[in-house]
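Readers should treat all values here as calculations from the given coordinates under stated rules, not as data from a laboratory. Not measured: the values here are computed from a predicted model. Methodologically, a virtual Cβ is constructed for each residue, glycine included, from the backbone with ideal geometry; neighbour enumeration extends over all protein chains shown.
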Amino acid sequence: MTSIGRINSLFPASFVGFDRLFDEIDRFSTPQTYPPHNLINVAENKYQIELAIAGFSEADISIEYKDGTVVVTGDKGERDEREYAHHGISSRRFERTFKLADHVEVTGASLNNGILAIDLERIVPEELMPRKIEIQTTTPKLLTEEAA
């Protein structure tokens, strides 16, 4: 039984409209392992996702960023007609999803020596940044001075 089948069997048929929720649970319960990736702390508030995609060109790769999620898709299209004695470098289609934290934006991407690097930066809006509150010194008024 698939994990979605197990989830659906736990809830009665009266749960209408929860398909998307179940799809999300199923998607996150099945770990994505291809292509392998690294998450790198480049500097404070700067990060990089590296994906090992040997054999894929820029034309084979699509990167989409929407609603805090980065989706990387790779598809070589036509199959290689060569006859291999051993075919160890995968060229299968893939889709890799990364959910980003609040205020993290994609700032660029590059492909070098089979490694796709996606640059990220955490850009917190000024109104959400912590701010220092200045304490002003005043002389306290006495109760007798206020009555006078």
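Once you sort the root eigenvalues of the Cα gyration tensor of region 36-103 as a ≥ b ≥ c, which label holds: rounded (a/c under 1.5), prolate (a/b larger than b/c) or oblate (the other case)? Prolate is the answer for region 36-103, as a/c is 1.5 or above and a/b outweighs b/c.
Specify whether the C-alpha gyration tensor of region 77-148 places it in the rounded, prolate or oblate class, a ≥ b ≥ c being the square roots of the eigenvalues: rounded for a/c under 1.5, otherwise prolate if a/b is larger than b/c and oblate if not. Prolate, because a/c is 1.5 or more and a/b exceeds b/c.
Highest-first packing order for the peptide set 136-142, 34-40 is 34-40, 136-142, based on the mean count of other beta carbon atoms within 10 Å. The residues packed around Gln48, meaning those with a beta-carbon under 15 Å from its beta-carbon, carry a net charge of -2 if Lys and Arg are +1 and Asp and Glu are -1.
Asn113 sits among other residues whose Cβ lies under 15 Å from its own Cβ, and their net charge, with Lys and Arg +1 and Asp and Glu -1, is -2. When the pairs Lys46/Lys76; Lys46/Lys132; Lys66/Lys132 are compared against a 26 Å limit on Cα-Cα distance, Lys46/Lys76; Lys66/Lys132 fall above it.
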